[in-house]
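Working notes, beginning with the structure itself.
The values are calculated or read from the model by the stated rules, or taken from the named source; none is laboratory data. Quantities reported herein were computed from a predicted structural model and do not represent experimental measurements. Ideal geometry is used to build each Cβ from the backbone, glycine not excepted, and the neighbour counts take in all protein chains shown. Accessible surface is based on the protein model in full, side chains and every heavy atom, while ligands, DNA and RNA are left aside. Shrake-Rupley method; radii C 1.70, N 1.55, O 1.52, S 1.80 Å.
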Amino acid sequence: YAQDSRYHHPFSVDKDIDIFYGGSLNMAHYGDRGRYLERIARLSDRYSVVLADHVFDEAYGRLMARSRIVFNRSVRGEANLRTFETLAVGSIAFVERENLEIRDWFTDGREIVLYGEDDLEERLHECLAESSKGATIAHLGHARAAEFAPENRIDALVDWAIHVTPSGRRFHRLD
């Protein structure tokens with residue numbers, strides 16, 4: 001996964017949204033995510049919360065860039081596209097603690113924030129109330145974003161592709 005640099009960059013916009021989620025709001029299909037979104041929605045009495053469905057491309061990138069925190073709950077425990085998009089726009093990526101891949105790339109409390117059922121609201125409040133802490137995490141995450149842009153990953157992808165076959169055996173160059 002890699003963000004699309006045309007749409008995922010820090011637009012010149014104010015950070016006027018505290019917590020943003022953009023994606024499917026189909027609670028029948030994503031019940032676990034829906035329970036977390038309900039908890040976030042209940043915070044709208046003290047924070048600016050935006051939960052949006054059917055927002056794409058530049059409009060999606062702008063909403064993310066306006067947000068201090070972008071909530072993420074993957075479907076399969078993967079380091080998904082939303083994480084990389086969030087870092088690219090300069091916002092804090094909130095990712096589920098039980099994510100299977102995220103720690104391979106990022107450190108909790110440094111470039112991203114991991115949450116669980118027991119501390120979602122507490123972690124959100126920490127990042128929003130302690131503006132320097134949240135700003136530091138957003139800054140360090142954004143500093144890593146360029147590593148994952150497709151235009152910066154193509155050489156690594158080609159190198160990987162010429163060395164590994166579907167069987168897992170390495171290719172041999174014929175000179």
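With the condition kept exactly as written, say whether any residue in the range 107-130 is β-branched (Val, Ile, Thr) and touching a helix residue (DSSP H, G or I) at 6+ places or on another chain (Cβ under 7 Å).
Looking for residues that are β-branched (Val, Ile, Thr) and touching a helix residue (DSSP H, G or I) at 6+ places or on another chain (Cβ under 7 Å), one finds at least one in the range 107-130, hence yes.
Please name all residue pairs, on different chains or six or more residues apart, with Cβ atoms under 8 Å, provided the first residue is in the range 24-40 and is closer than 20 Å to Leu124 by Cβ and the second residue is surrounded by 14 or more Cβ atoms within 10 Å (Cβ to Cβ) and of a type in the set (Ser, Thr, Tyr).
If the second residue must be surrounded by 14 or more Cβ atoms within 10 Å (Cβ to Cβ) and of a type in the set (Ser, Thr, Tyr), the pairs left are Leu37/Tyr21; Ile40/Tyr21.
For the range 92-122, what are the residues that are closer than 15 Å to Leu140 by Cβ and either touching a Lys or Arg at 6+ places or on another chain (Cβ under 6 Å) or at pLDDT below 95 (or both)?
Selection gives Trp105, Glu111, Val113, Leu114.
Which residues, taken from the range 130-150, are farther than 15 Å from Glu85 by Cβ and either open to solvent by 80 Å² or more (accessible area, probe 1.4 Å) or not aliphatic (A, V, I, L, M) (or both)?
Glu130, Ser131, Ser132, Lys133, Gly134, Thr136, His139 - these are the residues of the range 130-150 that are farther than 15 Å from Glu85 by Cβ and either open to solvent by 80 Å² or more (accessible area, probe 1.4 Å) or not aliphatic (A, V, I, L, M) (or both).
Can you work out which of the residues in the range 51-72 that are open to solvent by 40 Å² or more (accessible area, probe 1.4 Å) and under 21 Å from Tyr115 (Cα atoms) is nearest to the chain's Cα centre (by Cα)?
The extreme case among them is Arg68.
Against the definition (aliphatic (A, V, I, L, M), open to solvent by less than 70 Å² (accessible area, probe 1.4 Å), more than 12 Å from the chain's Cα centre (by Cα) and at pLDDT below 95), how does Leu25 come out, yes or no?
Answer is yes for this residue.
Taking the residues in the range 73-92 that are open to solvent by 10 Å² or more (accessible area, probe 1.4 Å) and part of a loop (DSSP other than H, G, I, E, B) as candidates, determine which candidate is nearest to Ser131 (Cα to Cα).
Looking at the filtered set, the residue picked out is Gly90.
Take the conditions touching a residue at least 24 places away in the same chain (Cβ under 8 Å), open to solvent by 20 Å² or more (accessible area, probe 1.4 Å) and at negative phi and apply them to His125. Does it pass?
It is false that His125 is touching a residue at least 24 places away in the same chain (Cβ under 8 Å), open to solvent by 20 Å² or more (accessible area, probe 1.4 Å) and at negative phi.
Counting only residues that are without any contact (Cβ under 8 Å) to a residue 12 or more places away in the chain and among the β-branched types (Val, Ile, Thr), how many does the range 85-122 have?
1
Examine the range 104-115 for a residue that is touching a His at 6+ places or on another chain (Cβ under 8 Å), open to solvent by 10 Å² or more (accessible area, probe 1.4 Å), over 20 Å from Leu25 (Cα atoms) and part of a loop (DSSP other than H, G, I, E, B), and state whether such a residue exists.
No; the residues of the range 104-115 include none that is touching a His at 6+ places or on another chain (Cβ under 8 Å), open to solvent by 10 Å² or more (accessible area, probe 1.4 Å), over 20 Å from Leu25 (Cα atoms) and part of a loop (DSSP other than H, G, I, E, B).
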